[in-house]
Amino acid sequence: MEKVLLIVDDNREIIDVVQEILKDQFDRIEAAATVEEAQQKLNETLFSFMILDIKLEARNGAEVVKYLVENPENENNKCPVLILSGIINAQFAEKFGSRFAGVVMKPFNHDKLLTMVKAIMLNGKVDPDSSEDFPEAPCELPFSIPQLEQKVAKVLDVVKKNAKLKQLFADMAIDRSADNYVMSHIGMLINISTGICMKLEWSTEKTLEKFVFASYLHDMAISHRPDLARVHGSMFEIELMQEQLSPNDLRIVMEHPTLAANKIATIPEIPPDVEMMIRQHHELPKENGWPGKLSHAKITPLATVFIVAHDLTDYIIDNPKWDLKDYMAKAKLKFKGPHFSKVLSALNEMI
C-alpha cells in the first residue's frame, strides 16, 4: 500500500524542511496551507500520516482534527496525526489529545521529528512521557560554587514536571555528550552568571532560575547547528565573516536571538526577564553588538550579567589555557557603562 504524508502548514519553508527530513519514509508527500485545503485533500486521498500546525494564518489548524473527529466516516479518521506547532492550546489538548499520535514543538529537532515519525508509523502513538529527557549540562566549571548543581537540578525538576517546558527543552537539538560545545557552553554560562550574581548579592532562587532558563534556551534557534552557535563577536567582526558564511547561515546567526526571544514570549511558564536576556545576549555597550545595536543604557541589568558571562564562556572555550586576569584586561576595554562596571567588579573578585 502506498504511504502518503499530508503536511498542513502555512509556512513554505517548514513544509520544505519536513519534506526533506521525511522524503525516504513516504512514497508521496502532499501539502496544504489552509484548513479548507486540508479538508479537501482528506476527502480525496487516503493518507498514511498527517503533520499538522495549529497556528495557521487564517484559521486554527485544530479545526482539521475537529473535522476528522466529527466525521467518523472519513477514510482518514484513523490516520495518525502529529502536531508540529509552537502553540498548543490547553483546552484543545484536553478535548482532542487522544487524537494526537505525538506532539513536537517548534523550533524542532530534525532528528527527533524523524525518530518520532518512525516510532508512530511502527506503534501508532508515542507516549509523551516516554520521550527522551533533555540533557543536563555539567555546571562545575570554571568556578567552585557550593551546591550549584543541586540548585540547578531543582530548577530542572520544575521543568520536567511541566509538559510544555519539558517538550521545549527536549526538542532542542543538543548532542548529549559531555564534551560537546553546546553542553559545555550551557554549563559554564550557568556557573559564571551564578558566581557573578553571588558577588552582586543577587543570589536568590528566582534569579538562578532565570539564568538556568536563559543559558539553556538562548541558542535554541540554532541548537542544531553548533558551528553557528560558536559564532560570536561585535557587529564588525560578524560582517567580516561574510566570506566564511553563506548568506543563509549569516541570516540564521543574526536572527537567532530574536527568534528564540519571540518563541519564549509565547510561553508564560518561563520566568520574566528571560526573554530580554536572550534577546540581548549578543549586544555590546558601544552600540556595536547585534541584532539591535543597543547602547549600554538600553541593556537590562540581568542581560548585562548574561552578556559578560557569555563572553567569558566563549573566551574560556576558545582558550584552553585561559587566564582570568588576561580576560579582565580585555573585558574592561570592551564593556563600558555603570551596569557593566558593576559586573566586571564582581567578576574581578572571583580572581
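The values are calculated or read from the model by the stated rules, or taken from the named source; none is laboratory data. Not measured: the values here are computed from a predicted model. In this analysis, Cβ positions are derived from the backbone assuming ideal geometry, glycine residues included, and neighbour counts consider all displayed protein chains. These area figures cover heavy atoms from the full protein model, side chains too; ligands, DNA and RNA do not enter into them. Shrake-Rupley method; radii C 1.70, N 1.55, O 1.52, S 1.80 Å.
Take every Cα pair under 8 Å in the chain that's 6+ residues apart, average their separations, divide by the length, and report that relative contact order as a whole percent. Walk me through the intermediate numbers first.
Values: 498 pairs, mean separation 38.5, N = 351.
For the chain, the relative contact order is 11 percent.
Return the sequence-ordered ³J(HN,Hα) values of the range 330-337 in whole Hz as given by the Karplus equation 6.51 cos²θ - 1.76 cosθ + 1.60 applied to θ = phi - 60°, using x for Gly and Pro.
6, 5, 5, 7, 8, 10, 10, x
On a 0 to 90 degree scale, rounded to 10, what angle separates helix 148-160 from the longest Cα axis of the chain?
Between the helix axis and the principal axis of the chain, the angle is about 20 degrees.
Using a probe of 1.4 angstrom, how much of the accessible area of the chain is carbon and sulfur, in percent?
Summing carbon and sulfur atoms, their accessible area is 51 percent of the total for the chain.
Provide the per-residue ³J(HN,Hα) series for the range 43-49, in order, calculated from phi with Karplus coefficients 6.51, -1.76, 1.60 and θ = phi - 60°, each as a whole number of Hz, with x at glycine and proline positions.
7, 10, 10, 8, 9, 8, 6
Name the long-range amide H neighbours of ALA101: under 5 Å, sequence gap of 5 or more, or other chain; modelled H, no Pro or chain starts.
So ALA101 has HN proximity to VAL81, LEU82, ILE83.
Please work out the average accessible area per residue across the chain, using the 1.4 Å probe convention, and give it in Å².
On the way: 16910 Å² over 351 residues.
That works out to 48 Å² per residue.
Assign one of three labels to the range 1-88, namely rounded, prolate or oblate, based on the Cα gyration tensor with a ≥ b ≥ c the square roots of its eigenvalues; rounded applies when a/c is under 1.5, prolate when it is not and a/b is larger than b/c, and oblate otherwise.
Cα axes put the range 1-88 in the oblate bin.
Karplus couplings for the range 189-206 from phi (6.51 cos²θ - 1.76 cosθ + 1.60, θ = phi - 60°), rounded to Hz, Gly and Pro as x?
Those phi angles translate into 4, 4, 4, 5, 5, 5, x, 4, 4, 5, 5, 7, 6, 10, 8, 7, 4, 5 Hz.
Once fully extended, how much extra length lies between LYS342 and GLU140, figured as 0.36 nm per residue of separation less the alpha-carbon to alpha-carbon distance? Don't skip to the answer; put the middle values down first.
Values: separation 202, 0.36 × 202 = 72.72 nm, distance 2.41 nm.
Using 0.36 nm per residue and subtracting the Cα-Cα distance, I get 70.3 nm.
Let me have the relative contact order for the range 246-319, percent, based on Cα pairs under 8 Å that are six or more residues apart. Kindly include the intermediate steps, with their values, before the conclusion.
Values: 71 pairs, mean separation 17.1, N = 74.
Normalised by residue count, the contact order of the range 246-319 is 23 percent.
Only loop residues by DSSP count here, and only those with at most 12 other Cβ atoms within 10 Å; note down the trypsin sites (Lys or Arg not before Pro) in the range 171-260 that meet that. Spell out each step's value before the answer.
Numbers: sites: ARG176, LYS199, LYS206, LYS210, ARG230, ARG251; in loops: ARG176, ARG230.
Taking the range 171-260 and a limit of 12 other Cβ atoms within 10 Å, the loop trypsin sites (Lys or Arg not before Pro) found are ARG176.
Please list 163-169, 279-285 highest first by mean number of surrounding beta-carbon atoms within 10 Å per residue. Let's see the in-between values first.
On the way: 163-169: 19.0, 279-285: 23.7.
Per-residue mean Cβ counts within 10 Å order the peptides as 279-285, 163-169.
Given q = 0.08, 0.09, 0.13 Å⁻¹, what are the Debye log10 I(q)/I(0) values for the chain, with equal point scatterers placed on the Cα positions and solvent ignored?
Each listed q maps to, in turn, -0.44, -0.55, -1.00.
With a ≥ b ≥ c the root eigenvalues of the C-alpha gyration tensor of the range 186-332, is it rounded (a/c under 1.5), prolate (a/b larger than b/c) or oblate? The partial results should precede the final answer.
Working: a/c = 1.56, a/b = 1.14, b/c = 1.36.
Oblate shape, in that a/c is at least 1.5 and b/c is the bigger or equal ratio.
In debye, nearest 20: dipole of the range 207-276 around its Cα centre with unit charges on the Cβ of K, R (+) and D, E (-)? Can you show the working numbers first?
Numbers: 5 positive and 11 negative charges, 26 e Å.
The calculated dipole for the range 207-276 is roughly 120 debye.
Skipping prolines and chain starts, which residues have an amide H placed within reach, meaning under 5 Å, of the one on VAL8, given they are 5 or more residues away or on another chain?
When sequence neighbours closer than 5 places are left aside, the close amide H contacts are ALA32, ILE51, LEU52, ASP53.
For a quick check of understanding: with a 1.4 angstrom probe and all protein chains in place, what accessible area in square angstrom does THR115 have, to the nearest ten?
Approximately 90 Å² of THR115 is accessible to the 1.4 Å probe.
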